[in-house]
Protein chains: 2
Amino acid sequence: MQNKKIGKQTINFLNPISVVSFASIVGPKEGQGPLGTGFDYILENNLDGEKSWEKTEQKMLEHSLEIALAKKNLLLQDLDYFLAGDLLNQIMSSNFTARSLGVPYIGIYGACSTLVEGLVLGSILIDGGFANRVGVACSSHHDAAERQLRFPTELGVQRTMTAQWTVTGSGAYILEANSEKNDLIITQGILGKVIDMGQANATDMGSAMAPAAADTIIRYFQDTGKNPKDFDLIITGDLGNIGRVLCEELVLQKGFDISFNYSDCGVLIYDPGQDVHAGGSGCGCSASVLAGYLLPQMLKGNLKNIFLVATGALLSPTSTQQGETIPCIAHGVVIQGKS
Amino acid sequence: MQNKKIGKQTINFLNPISVVSFASIVGPKEGQGPLGTGFDYILENNLDGEKSWEKTEQKMLEHSLEIALAKKNLLLQDLDYFLAGDLLNQIMSSNFTARSLGVPYIGIYGACSTLVEGLVLGSILIDGGFANRVGVACSSHHDAAERQLRFPTELGVQRTMTAQWTVTGSGAYILEANSEKNDLIITQGILGKVIDMGQANATDMGSAMAPAAADTIIRYFQDTGKNPKDFDLIITGDLGNIGRVLCEELVLQKGFDISFNYSDCGVLIYDPGQDVHAGGSGCGCSASVLAGYLLPQMLKGNLKNIFLVATGALLSPTSTQQGETIPCIAHGVVIQGKS
């Protein structure tokens, strides 16, 4: 059996894992942001005709998978597995989406790192010979997340300047083995360890998650012998403005300067004038930015090689109420574009 | 690349995936049940010295992994990955356990089917060459689950006769590639589809989950050409007394008679006199019964070949409050003992 691990954590996919299709849906606020023109569909309002925000999130997740399949004239039965996760308790949006699909389902949870957890697991299924084609999808909805994880939205609680804004958005991806035309290929993946530096402030998750992101980035460079210059872009999932600076600093402390090509999905998705304070967050953040901005840029040839490190704060309201600090994780995936 | 799928959903592991160690911890009620003597540790009370039931569950999950490792003189750093999930919102027990391990972590959610989701994914990681050794663990805690998913426990709400009793229990498993002495081998796995027959009664989850279990069992026989006689035991995770009968009937309707060798972990774990109504449920049900009863029976030679189909009700309190029916799933794993 061929060992596909490099170093301690990194996985080298021996077969080309092609991202053959992808789609994104976002809410109105994200549609008005700087990446607005790249998303496949923008909701007119946060309910979009549904009776609850939770139902809207589920519809968004389901619809983004349908769009991704339709772009390549694929049907649901063409998928061997559907991998999905979201922020709602019991990953409700993913479960109810899977219900309508009739495709074997793998429910995953990594908070806002879920998309990359899914992309890596999906690639493992294909590279290991367990599947030919898988769908991976992920979502979050601002209002559904706020009322579940923080305060009743009607209360209008003032947000701290360190708080991030949960993205209303979803992204869906179709991965295939041995695709003839390989414009977007997943070449490597790295599944992270849980890091908790003792931060207990649930309104500053960027700072809490930054050490986990740094750990995964540093580990990847140490495992592979690569360095930041091997990438056009290193991009974290949702550290926001505050966590981004901290991550860059932590990575530099280990001798890797990523200042020249490092960004964060949560920084890119909103304009500073949109009153989101420290930036975007949520499973839908990296899920929609990858499909709505990064991969299109790769197809245009503007980006050739990216390292996406999605970050997740693995807290729960219960753990916060019980005085716990915030365990965090970051999973990474390397995607190569047209050469 | 070798295709490891048989039929539509079943996976054939080409490399022997050995279950080299396992451990279980249960609460006092489960310890007093008919399987009580098989568990590694029985809590004296439901708190076991912790300040909350949630912390007790996390300690139980962590401790069961430690016991499983210690039985084979293994250390945490010997694990390539840790896969875990539980019933608490944001899979809190698993996340906080992973925090203390320093092992790359894959968070999964399949409600009470989570253990088998983990065993199949763990086997995939090993069979695909991505890992040499993985830890898989799963837990539930009666009181933590009740107050989160149903009613405040202090309220003492009367339970319906169709309701099941969430098991306080955890199970941990160490899977390895190419172990020299293979007494317990995972040979096949099947990841299920989400089935929802329109049942909306959250106090009768056995009936809701039975069609999902039947779907996975029938699909497995159709995929492989095997029949019920090929197993010493076919056992579902937590259908309980009511769901068990329904599952048997649904499988028979497709021509497979499992009446002679079919049981359910939720039926076995409690004595009818323990006032649990329809039987046991929860992630910890199949997780503790497999480690505390089934695998020991296999090592003794009393069982040679089992098909464990863990069942999960993918509802959430929010989905029930919003009038939704219950989506369900069942994942299966075939384990061979001493030949």
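Values quoted throughout were computed directly from the atomic coordinates according to the rules given, and no laboratory measurement underlies them. Keep in mind it's a predicted model, so treat the numbers as computed, not measured. Methodologically, a virtual Cβ is constructed for each residue, glycine included, from the backbone with ideal geometry; neighbour enumeration extends over all protein chains shown.
List of remarks:
- The string of couplings for the stretch B:70-86 from the Karplus curve (6.51, -1.76, 1.60, θ = phi - 60°) is 4, 4, 10, 6, 9, 10, 4, 5, 7, 8, 7, 9, 10, 10, 7, x, 7 Hz, one whole number per residue in order, with x for Gly and Pro.
- Nearest residue to the symmetry axis between A and B, taken on chain A by its Cβ, in whole Å: A:G128, 1
- At R0 = 41 Å, FRET efficiency that the Cβ-Cβ distance of A:E66 and B:K51 yields, to 0.05: 0.30
- Taking Cβ atoms as reference points and 12 Å as the exclusive limit, the residues near A:Q222 contribute a net charge of +2, counting Lys and Arg as +1 and Asp and Glu as -1.
- For the stretch A:185-336, the equivalent ellipsoid built from the Cα gyration tensor has semi-axes of 24, 18, 13 Å, listed from largest to smallest.
- Exceedance of the 23 Å cut-off in Cα-Cα distance is limited, within the set B:K8/B:K226; A:K8/A:K226; A:K193/B:K29; B:K29/B:K181, to A:K193/B:K29; B:K29/B:K181.
- Cβ-Cβ distance of B:L299 and A:D230, R₀ of 45 Å, FRET efficiency by 1/(1 + (r/R0)^6): the value works out to about 0.35.
- Dimensions (Å) - chain B, Cα atoms, principal axes, largest first: 54, 47, 36
- Placing a pseudo-label 7 Å from each Cα along the Cα-to-Cβ vector at B:Q274 and B:Q321 gives an inter-label distance of 3.1 nm.
- Ascending distances from the A:K304 label point to its copies in the other chains, with the point 7 Å along the Cα-to-beta-carbon line: 6.0 nm.
- Annotation: extensible slack from A:Q158 through A:K181 equals 3.3 nm (criterion: 0.36 nm per residue apart, minus Cα-Cα distance).
- The spacing between the stretch A:315-339 and the stretch B:49-89, judged by their C-alpha centroids, is 19 Å.
- The protein assembly as shown gives an Rg/Rh value of 0.95, both radii derived from C-alpha positions and Rh following Kirkwood.
- For the options A:A145, A:A208, A:A70, a Gaussian network treatment of chain A with springs between C-alpha atoms closer than 10 Å singles out A:A70 as fluctuating the most.
- Note on chain A: with a GNM built from Cα contacts shorter than 10 Å, the maximum mean-square fluctuation among A:S319, A:S24, A:S288 falls on A:S319.
- B:I195 sits among other residues whose Cβ lies under 15 Å from its own Cβ, and their net charge, with Lys and Arg +1 and Asp and Glu -1, is +2.
- Oblate is the label for the stretch A:44-90. Its Cα gyration tensor axes, ordered a ≥ b ≥ c, give a/c of at least 1.5 and b/c at or above a/b.
- Temperature 4 °C, viscosity 1.567 mPa s: under these conditions the Stokes-Einstein estimate for the stretch B:267-339, based on its Kirkwood radius over C-alpha pairs, is 90 µm² per second.
- Pair-distance profile P(r), taking every C-alpha pair of the stretch B:171-247, with 5 angstrom steps and integer %: 3, 12, 18, 20, 17, 15, 8, 4, 2, 1
- Counting only DSSP H runs of at least 4 residues, each contributing -39500 (n - 2.57), and dividing by the residue count of chain B, the helix-based mean residue ellipticity at 222 nm comes to -9500 deg cm²/dmol.
- The modelled label-to-label distance for the pair A:A200/B:Q32, using points 7 Å beyond Cα in the direction of Cβ, is 3.6 nm.
- Using C-alpha pairs under 8 Å with a sequence gap of at least 6, the mean separation divided by the residue count of the stretch A:146-237 gives a relative contact order of 24 percent.
- Other copies of A:K229: label-to-label distances in nm, shortest first, labels 7 Å along the beta-carbon direction: 7.0
- Working note: Cα atoms of the stretch A:5-177, range along each principal axis, descending, whole Å: 51, 39, 32.
- Across identical copies of the chain, B:G198 has label-point separations of 5.8 nm, listed in ascending order, with the point defined 7 angstrom from Cα along Cα→Cβ.
- Summed side-chain charge close to B:E54 - residues other than B:E54 whose Cβ falls under 15 Å, Lys, Arg +1, Asp, Glu -1: -3
- Approximate spin-label separation A:L14-A:S100, in nm, with each point projected 7 Å along Cα-to-Cβ: 4.0 nm
- Over the stretch A:1-118, relative contact order from alpha-carbon pairs under 8 Å, at least 6 apart, %: 19 percent
- Chain A, relative contact order in percent, only Cα pairs under 8 angstrom and at least six apart counted: 25 percent
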